[in-house]
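The values are calculated or read from the model by the stated rules, or taken from the named source; none is laboratory data. Note that the coordinates shown come from a computational prediction; the quantities given were computed from them, not determined experimentally. Cβ: placed from backbone, ideal geometry, glycine included. Neighbour counts: every protein chain shown. We work out accessible area using only protein heavy atoms, side chains counted, and drop any ligands, DNA or RNA first. Shrake-Rupley method; radii C 1.70, N 1.55, O 1.52, S 1.80 Å.
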Amino acid sequence: GGQIEPQVGFAAGSSDFSAFGLPGAGSSSINQTDLDRLRATINNFIGRIGSFTQGFVVDPSNPTQFAPAGTRWNWRAYYPEYDFYVQDTWRFRPNFILDLGLRYEIKLSPSSKDLPVLRPNQPFTVGAAPTNTLRWEEGKLFKNDFNNFSPSVGFAWDPFKSGKTSIRANYRLSYDRFPSQVFANSIYQSAPGNTFSASATGIAQSNLLLRNGLPSLVPSLTPNQLRQPPAFGTASGGITLVDPDTQYPESHQWFAGIERELKWNNVVEVNYIGRRGVHLFGGYDSNQVNILAKDPRCPENFLQAFNAVRGGATSQCLINLLFTGDPLNATGTTTFRGIGSIATTLLPSNDPSGAGGSVATAAQVVSQRTSGTSQLIATTIGNPFFFQRFPQFTGRLNVLDSNDVSRYNGLEFIVKRRLTNGIGYQVGYTYSISKDTRSFDPTFTTVSRGSAQSASSTPFDINNRNLNYAYSDFDRRHVLQATYVAELPFGRGKRLGSDIPKALDLIFGGWQLAGTVLWASGRPFTVYSGINTFGNVNQSFANCNDCPRDLGRLIERNGTNYWFSEEAAARFSQPLPGELGNTGRNHFIGPRTFQTDASLSKKFRFTESMSFDLRFDAKNLTNNASFGLPNATFNSGVLGEIRTNVTSFARRIQVSGKFNF
């Protein structure tokens, strides 16, 4: 909740500057910006304290009080897990082997020492009843899991009994762990009452100087009082919780492949790999606004009312009711139109501001409007939950859960050769499709928002997670990878120059060339509209008329690299209020990746015990630029712009030597 070390600020604030003979505010001899800077500089020089804050943590020896200032947060968490397995291998025939195994894993809910694990005393997930009385109490974050049975079965078969062919297949179910860091960062110390950020009030007017010592600061509330957050709060940070029905992630994996040895020590493999993930770790904002919210006193829902006002209506039942409590009082609609952050959302979608149609933004603003210190709609319509279900945390109420899914299918073709006659290599090509509802582990971001590419993994509608099911962020349809090593055929004992003098052999003989090659098709990305026409957590998709996934290509426009041509960019448009957009998550494919690295090396041997290695290593030998993703926000004005955004680096050549003795 704040820094353990006190934070002291010397800003101008409301300090008294009468002794310094400064011009008054509004004086023609100095502008206000310069005056503020001069006042702040004076406070910096004389050490006059303008602000003072400090973080406090609950006292482990007395959890009803906060520990003295400067006490650090010491938390010991335990993640008990007990794993058992049995496995055996049967050779039914000389050419057929069967493997069978079973794991049983007991995974318990995290526990702690010294301080209790806290959780809300009421449901807060999707489908839970709205409430503004959440209180934190001791309990388990989620249930203990005793139902993790993991079978494994596989076989290997040599159908011709020649030792040159192998057919293999297997299936395995496995369970993953949760990343403990997310609980440490977002759950334990963020529970109300475990920490508190105290701030000295009125200190800027007290004329306190640093040389006279820091003021005393103590928390204004006890841990027990903080366990019950106020009924209404707009703190932007919000809070993060764990779904009590969370399960440990399951990964179903299956494989089938055939391997055949050919002439000259070449081997060919063809493999199919499948994977299905369920109960995957994810998260959502349980306080997502409801743009379809409706009051029985009015015929329209909020989306319809928003569109009516946007279309020119001067009085609207629901808007009047939300602002005045009277469905016929047109001043409600007038007020609604006059709020700056809402007025922008009412503009046409082709307005230069680019925010027209953000109905979810307008709903959030209305939900969080205050009348004095109280929530406005709690007074006007008597329903603080009209837009958001948990007004104690209108900023955000992030819930970590295990409801995401994934599916992968890949076909591999591999040709490899063991090092023979100075040449060895492996070339692999994979054709694969990966889809999921979430492509990243929300350990640190928790719930990504806005127009970040990771935000496409956050549910667009918490009541319909399937809207996020699409190609994975890391889906690469085609991937070619190769490694090789070749002893160059120059020098004594080689095909070329086998009888050259020792002096020349020392220079030209014994060199080895090795390297890698990577070519991969582009990764998917999402094009956002730039506005919140559907939800307030992440932006909606842009519309695109008859747009294939491979619409983009690297081109130069006015001296700048772009991924969309002007003709392609012209196909995009804004969705209407209430629409999610027709392109969907990760619809478009970005630039491909290509890189080849190589090394040339030679060992100079002087005696049996002394030698010298000389290497020339080149990264990105061809100096190829692999571009990152373009700007993918429609109303940014630079849709498709890449500029110099690359995931590769320029060619690097390193020369190194090593003396061995």
Contact order normalised by residue count of region 505-575, Cα under 8 Å, 6+ apart, percent: 25 percent
Distance between region 91-108 and region 16-64 - C-alpha centres, whole angstrom: 70 Å
Accessible area, probe 1.4 Å, largest first, for residues R260, R276: R260, R276
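Suppose every K and R has +1 on its Cβ and every D and E has -1 on its Cβ; what is the size of the dipole of region 328-480 about the Cα centre, in Debye to the nearest 20?
Working: 14 positive and 9 negative charges, 71 e Å.
Using Cβ point charges on Lys, Arg, Asp and Glu, region 328-480 gives about 340 debye.
Grab the other residues whose beta carbon is less than 11 angstrom from that of R93, score K and R as +1, D and E as -1, and report the net. Could the numbers behind the result be given before it?
Working: positive: R91, K161; negative: D158.
Charge balance near R93 sits at +1.
Of the peptides 540-547, 92-99, 569-576, how do they stack up when ordered by the mean number of other Cβ atoms within 10 Å, highest first?
Values: 540-547: 19.4, 92-99: 13.1, 569-576: 17.9.
Ranking the peptides 540-547, 92-99, 569-576 by packing returns 540-547, 569-576, 92-99.
Under a point-charge model restricted to the Cβ atoms of Lys and Arg (+1) and Asp and Glu (-1), what is the dipole moment magnitude of the chain relative to its Cα centre, in debye to the nearest 20? Present the calculation step by step, with values, prior to reporting the outcome.
Numbers: 62 positive and 49 negative charges, 384 e Å.
It comes to approximately 1840 debye.
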Per residue solvent-accessible surface (Å²) - region 400-517, probe of 1.4 Å: 51 Å²
Net charge contributed by nearby residues that have their C-beta within less than 10 Å of N403 (K/R +1, D/E -1): -2
Centre separation in Å (Cα based) which lies between region 390-414 and region 191-248: 30 Å
Inverse of mean 1/r across different Cα pairs in region 587-654, Kirkwood, Å: 15.3 Å
Rg(Cα) / (2.2 N^0.38 Å) computed for region 293-386, rounded to two decimals: 1.01
Average accessible surface area per residue within region 122-183, 1.4 Å rolling probe, Å²: 56 Å²
Rounded to whole Hz, the Karplus (6.51, -1.76, 1.60) HN-Hα couplings of region 37-52, x for glycine and proline: 5, 5, 4, 5, 5, 4, 4, 4, 5, 8, x, 8, 6, x, 8, 8
Computed log₁₀ I(q)/I(0) - Debye formula, equal Cα scatterers, no solvent, the chain, q 0.09, 0.10 Å⁻¹: -1.07, -1.21
Share of pairwise Cα separations in region 323-466, more than 27 Å, in percent: 51 percent
Debye equation applied to the C-alpha atoms of region 503-661, log10 I(q)/I(0) at 0.14 Å⁻¹: -0.76
Cα centroid separation - region 602-661 against region 318-369, whole Å: 53 Å
Computed accessible area, S199, all protein chains, 1.4 angstrom probe, square angstrom: 70 Å²
Proximal lysines relative to K263, as straight alpha-carbon distance under 30 Å, when same-chain residues fewer than 8 apart are discounted: K161, K164, K416, K494, K602
Of A625, L576, I589, farthest towards positive along the dipole that unit charges on Lys, Arg, Asp, Glu beta carbons give region 573-631: A625
Amide H contacts of A632 (H built 1.01 Å from N, under 5 Å, at least 5 apart or other chain): G640
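How much mean residue ellipticity at 222 nm does the chain get from its helices, if each DSSP H run of length 4 or more adds -39500 (n - 2.57) and you divide by all residues, to the nearest 500 deg cm²/dmol? Could the numbers behind the result be given before it?
Working: 11 runs with 77 residues, N = 661.
Per the formula, -3000 deg cm²/dmol.
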Solvent accessible area, Å² - E138, 1.4 Å probe, full protein context: 140 Å²
Reach of K502 by Cα under 19 Å, taken over aspartates and glutamates that are not fewer than 8 positions away in the same chain: E487, E608, D613
Within the accessible area of the chain (1.4 Å probe), percent carbon and sulfur: 54 percent
29 Å Cα-Cα reach of K107 towards lysines, excluding residues that sit fewer than 8 places from it in its own chain: K140, K143, K435
Charge-dipole axis of the chain as Lys and Arg at +1 and Asp and Glu at -1 on Cβ define it, positive-most pick from L214, G274, G509: G509
Given charges at Cβ of Lys, Arg, Asp, Glu: the chain dipole, positive-most of N409, S648, I423: I423
Estimated vicinal HN-Hα couplings, Hz - region 538-550 in sequence order (Karplus 6.51, -1.76, 1.60; Gly, Pro = x): 10, 6, 6, 6, 6, 7, 8, 7, 6, 10, x, 5, 9
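Could you order peptides 500-508, 364-372, 34-42, 280-288 by the average number of other Cβ atoms within 10 Å of their residues, highest first? Don't skip to the end; give the middle numbers.
Values: 500-508: 13.2, 364-372: 17.9, 34-42: 15.2, 280-288: 25.1.
Packing order, densest peptide first, comes out as 280-288, 364-372, 34-42, 500-508.
Highest mean first, what order results for 524-531, 651-658, 410-417 on Cβ atoms within 10 Å?
524-531, 410-417, 651-658
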Net charge contributed by nearby residues that have their C-beta within less than 12 Å of G163 (K/R +1, D/E -1): 0
